[in-house]
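What follows is calculated from the coordinates using simple rules that are stated; it is not laboratory data. Since the model is a prediction, treat every value here as computed from it, not as a measurement. Virtual Cβ from ideal backbone geometry, glycine too; neighbours counted across all protein chains shown.
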Amino acid sequence: MIRAALARLWQPLWSQWIERRLPPATRVQLHHRTLFIFPSRFGALYLLMVLMLYLLATNFQNNLILAMALLLLSLFVTCIWHCYRNLAGLTISALPTAPHFVGQSLRFAVQLTADDRPRYALQLGAAAGAEELLPELQQQGTLGVTFHATRRGWFKPGRLRLSSHYPLGLLRCWTQLDLQQQALIYPAPIAGPLPLSAGPGTDEVSSTHSSPVLPHHGQHTGSDELVGLRPYRLGESLSQIAWRQHAQGRGLFSKEFAAEPWQHPWLRLTHTPGQDLEEQLSRLSYAVLQLDQKQQRYGLELGAWRLDPATGAGQRQAALEALALYGHSRYDH
Amino acid sequence: MATPAMTTSPMTPPTPRSTNPSTLGWISASYGLAVLPLYAELSPLIYAIALLAIGWRYAIEQGRSRMPSPRQLNSAAVLGCLLIAVLSPQLGLVGSIFNLLVMGCTLKFLEFRQRRDLGLHILALFFLGGLSFVYHQHWIFTLYLLTSVLLNTAALLSLYLPTGRREQLRQASLLVGQSIPLMLVLFVILPRLGPLWQMPQTQSAITGLGEEVNPENITELTRSSELVFRASFSGPPPTERYWRTLVHESFDGHSWRMSPELRNWQRRHQGRRYQPWLTTPSAQRWQGPSSDYRLYTEPSNQSWIYSLALSSSTDQTLLETPVQTLLSPTPLTQKRQFALRYFPEQPSEPKLRQVRRQQNLALPAGGNPQARAMAADLRRQFPQDDQALLQAALHYFRQQPFFYTLSPPPLSGDSIDQFLFSTRAGFCAHYASSLAFLLRAAGIPARLVTGYLGGEYHPQDGYVSVHQFDAHAWVEVWLPGGWQRVDPTLMVAPDRVEQGLDSLMRDQGFLAQDPLSLSRYRHIALLNNLRLALASLDYHWTVWILNYDASAQDGLLKRWFAAGIAGRLLLLTIGVLLALALAATLGWLYRRKTGPDPLLALYLQACRHLALSGSPRLPAETPSAYRDRLLQQGHPAARTFEQITDVYLHGRYAHPEDQTAEIPKLRQLIQQLQRLSRRPRSRNS
């Protein structure tokens, strides 16, 4: 209780201070201003043992026990220097992290460089991630922290904690680095029927969009897929019904596409089933992956934002990025 | 923007690591070193547990057994604790702690699972090492324990340093070596505190003189070359050195004992707690010339102090007994030092009260009729003159064929009669005992005093060392004016008194129990010099290290530096800084000597040449990336550097065994590189 309260009080002050002391940068070289040393729990136990020896020496008036206690105390002091030297001069640079889907674990890796001497027992961790240990660093090595992606959008690992208990585990030398790392987290794909529909703009039947254009490959201008509306015939797919016109009380219309009306290229948020936005986005994410695998053309419409139909890795990435960030930043309307 | 919850998830524990194989080796070695010197303090139970645990561990290593479950281990530990608790009255508190620690360390061998277990184990070993200084204070033992500290450090280091054992040991020596200067500074300067609370006494065998004297127990001592104490004098020591220790005023026909009054006095005054304010101020009025000396006593587990007659305790830490001996309020369980002042002309008990007189005349009702008859005869010859009677009695010893021997024929029944009139062979206790008997029978107060005689003088260091074989017994007789020392052995074997027992008794079973003692080989010059050098080292060790107490510290610091709190603090600061500087220098020397990996050093040398030529290696650029970049750029030395990089990567990562063969190759390539990379610069200039 008290600990949690103290942590709440302390945390903002600490973040503020460390932000000033160690401003975010993609590459950091460690030195005395950026390194901190504290006794570890084992070190505290060790000091307690030394204190006991000291009390024993004093009460027995035994100089050799005293010398032993003082030697162990001096050993502790020597370890401070060695512990510091183990991290000082180390250069840490951020390595890029590939995008992941929600539910996957992702690893933020850093590259460590130390040209002058080998470093030992380096640990990299973060508040919420799984630590990694590098037993020995000769010149160069990598370390990472693995997180579990829980939400779509930009994932920031927070400050990474590089630490080492070398040489005797009595002390912990550490630093907290913000290497400006981030990774994009795509919505987790949820399997289901592909919610393909006719192109955007077909909801309102307007003269500007009614001119029939033959489908062709390459660049598409958002609306040329849809040819027009025609009265609904029994047996046609429900997804082809122009629901907005129906809601406006104009009657039941089917959207008519220039080519392959059963294979409309558009993925539209508004036409995607789902209980909430996240589920809809997840279904779209699944659809993007499926269509990409089949190498079919697809476009994406999220609110007012549109991605014209295309295929390929670039298209996939643009689509997934949009799905990841919808509602967060520039896609937010 | 999505940021994961930072504070909600608990901190993940450090990645568990499999135990480094060398760690077990280090800990086993350190355990052996720590337990070995404690063999005498450990109960047989611990030995049984140790054998069992080691056997089990061995079986695990052989794959014939499994690790015990924590439950099994815990129940074993609880059982062991209970047994030690049962045995604790016998072991004493300190002994119990020892046994507990050793048992814990032993059982830990079956529990190497996590780093935490190992850490705790090593902490226990460190503590055990420190604690064994309670029993052992020789300088050799200090070196021994330093080794043990080194091994413990290597064991801890091996948890974090995944290199070979040799490198682990080197790093551990560096760590310990760098810590020693600071330790020395702290040892010299750190203020000494008095005991904070009463500690339980260690229970150890009593050595040295006993409170009961009969001929047998003195011969025991003469067979031992154990050091009893040393005394340092500012000038030359007195030539006659009778170190009075115990006064025996009760005689039962066979043994001499402390008088019951003295025993009561001791019981009243010798609290278990050390209370300086309880030491009685001197009852004596000290007079006459005096000289100061210091006593450095070895542990005897008794409270009696050896002193020249008569001596006062100048530092007021000792009690003066009614029989003019000195008593320490606490038993001498470890090395101690005392400042004393010797008054050779101080009269001892000039007025003998009636009770005391009766005490020193008392004899058993019957027995030894011949001796009593002789005493009556002497009394008839000298009815008034005690001094003349004494001389006549001593004359008897000189005149009759008495023979000094350490292995006299056994006596039984009226032992005084037998000795005086038939066997006439014996040593100091026989002579002293029979003279005291004669004097008492003749109505002169007399008592037996035991202590040590002489001691070896070391003129270079100005001290006298007294060993168990210097044990001696003599008589004190009360003549008007006070007690006077009379040594009947002098009548029979003056050499014994003048030259010491060793020269007299070389082939009489002297030191029969110490075949390895260097004292046996005094006649071989080389060995004798060695013995004296070791003795000198041990003396300085005792005086400067073991007995470096608050007053010694005060004296030293006052002599060398300014006194006062400010001066001390300044001194402490300077000292600590100096020690740290020394440690840093040590580390620098060590690194310069060992150097980095030779291949790496050569590779970095090559990189420096390239940097000078204007193409430095970028930060965080791998060797192969650097090589490729130079090749792309068409650097003049790129081809050579390609070879260098390949040799380096091959030797360092792929085949370390080829390293030594590759170093000359690399050197040659670097020279080539130097020429190549210099060329464009010379062309430019």
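Could you line up B:Thr239, B:Thr585, B:Thr450, B:Thr245 from fewest to most neighbouring Cβ atoms inside 10 Å?
Ascending Cβ contact count within 10 Å gives the list B:Thr239, B:Thr585, B:Thr245, B:Thr450.
Over the whole of B:171-182, what's the average partner chain Cβ count within 10 Å per residue? Rounded to a whole number, please.
Taking the mean over all residues of the peptide, I get 5.
Could you give each residue of region B:424-433 its phi-based ³J(HN,Hα) in whole Hz, using Karplus coefficients 6.51, -1.76, 1.60 with θ = phi - 60°, and x for Gly or Pro?
6, 10, x, 10, 3, 5, 5, 5, 5, 4
Taking neighbour counts of Cβ atoms within 10 Å as a proxy for exposure, in what order, fewest first, do A:Ile2, B:Ile189, B:Ile122, B:Ile27 appear?
By the 10 Å Cβ count, ascending: A:Ile2, B:Ile189, B:Ile27, B:Ile122.
Sort A:281-290, B:452-461 by the packing proxy (mean of other Cβ within 10 Å over each peptide's residues), most packed first.
Order by mean packing, descending: A:281-290, B:452-461.
Sort out for me the Cα centre separation of region B:249-266 from region B:42-115, rounded to whole Å.
After rounding, the separation between the Cα centres reads 47 Å.
Taking every residue in A:49-61, how many Cβ atoms of other protein chains lie within 10 Å of its Cβ, on average?
Across A:49-61, the average partner-chain Cβ count within 10 Å equals 6.
For B:Leu196 and B:Arg639 in the same chain, what is the full-extension length gain: residue separation times 0.36 nm, less their Cα-Cα distance, in nm?
Values: separation 443, 0.36 × 443 = 159.48 nm, distance 7.42 nm.
Residue separation times 0.36 nm, minus the Cα-Cα distance, leaves 152.1 nm.
Once R0 is set to 30 Å, what does the formula 1/(1 + (r/R0)^6) return for the Cβ-Cβ distance between A:Arg8 and B:Val86, expressed as a FRET efficiency to the nearest 0.05? Don't skip to the end; give the middle numbers.
Values: r = 52 Å, r/R0 = 1.73.
It comes out at approximately 0.05.
If we count other beta carbons within 10 Å of each Cβ, what is the order of B:Leu569, A:Leu64, fewest first?
Ascending number of Cβ neighbours within 10 Å: B:Leu569, A:Leu64.
With the Cα gyration tensor of region B:87-175 giving a ≥ b ≥ c as the square roots of its eigenvalues, does the rule (a/c under 1.5 for rounded; else a/b larger than b/c for prolate; else oblate) give rounded, prolate or oblate?
Oblate shape, in that a/c is at least 1.5 and b/c is the bigger or equal ratio.
Return the sequence-ordered ³J(HN,Hα) values of region A:286-297 in whole Hz as given by the Karplus equation 6.51 cos²θ - 1.76 cosθ + 1.60 applied to θ = phi - 60°, using x for Gly and Pro.
Using θ = phi - 60°, the values come out as 4, 4, 4, 4, 5, 5, 5, 5, 7, 6, 9, 6 Hz.
At R0 = 56 Å, how high is the FRET efficiency between B:Thr405 and B:Ala552 if r is their beta carbon distance? Nearest 0.05 is fine.
With a Förster radius of 56 Å, E is 0.80.
Give me the distance in nm between label points sitting 7 Å out from Cα along the Cα-to-Cβ direction at B:Arg165 and A:His148, one decimal.
So the two model labels end up 4.4 nm from each other.
At what distance in angstrom do the alpha carbon centres of region B:287-341 and region A:160-189 lie from each other?
65 Å
In nm, to one decimal, how far is the A:Arg250 label point from the B:Ile140 one, both placed 7 Å along Cα→Cβ?
Calculated label separation equals 11.0 nm.
Going 7 Å from the Cα of A:Leu133 toward and past its Cβ, which residues in region B:78-115 have a backbone nitrogen under 14 Å from where you end up?
Flagged as within label range: B:113-115.
Could you give each residue of region A:85-96 its phi-based ³J(HN,Hα) in whole Hz, using Karplus coefficients 6.51, -1.76, 1.60 with θ = phi - 60°, and x for Gly or Pro?
4, 5, 10, 5, x, 6, 9, 10, 10, 6, 9, x
Given all pairs of different Cα atoms, what value in angstroms does the Kirkwood hydrodynamic radius of region A:1-113 take?
Working: mean 1/r = 0.0543 Å⁻¹.
The Cα-based Kirkwood calculation yields 18.4 Å.
Would you give the gap between the C-alpha center of region A:111-135 and the C-alpha center of region B:428-462, rounded to a whole Å?
76 Å
What does the average come to when, for each residue of peptide A:161-170, you count the partner chain Cβ atoms lying within 10 Å of its Cβ?
Shielding by partners across A:161-170 averages 5.
For the ranges B:291-302, B:46-57, B:144-155, what's the packing order if you count other beta-carbon atoms within 10 Å of each residue, average per peptide, and put the highest first?
Ranking, from highest mean packing down: B:144-155, B:291-302, B:46-57.
Given R₀ = 30 Å, what would the calculated FRET efficiency be for A:Arg20 paired with A:Asp276, taking r from the Cβ atoms and rounding to 0.05?
Rounded to the nearest 0.05, the efficiency is 0.15.
For the residue pair B:Met67 and B:Leu537, what label-to-label distance in nm results when each label sits 7 Å from Cα along the Cα-to-beta-carbon direction?
4.4 nm
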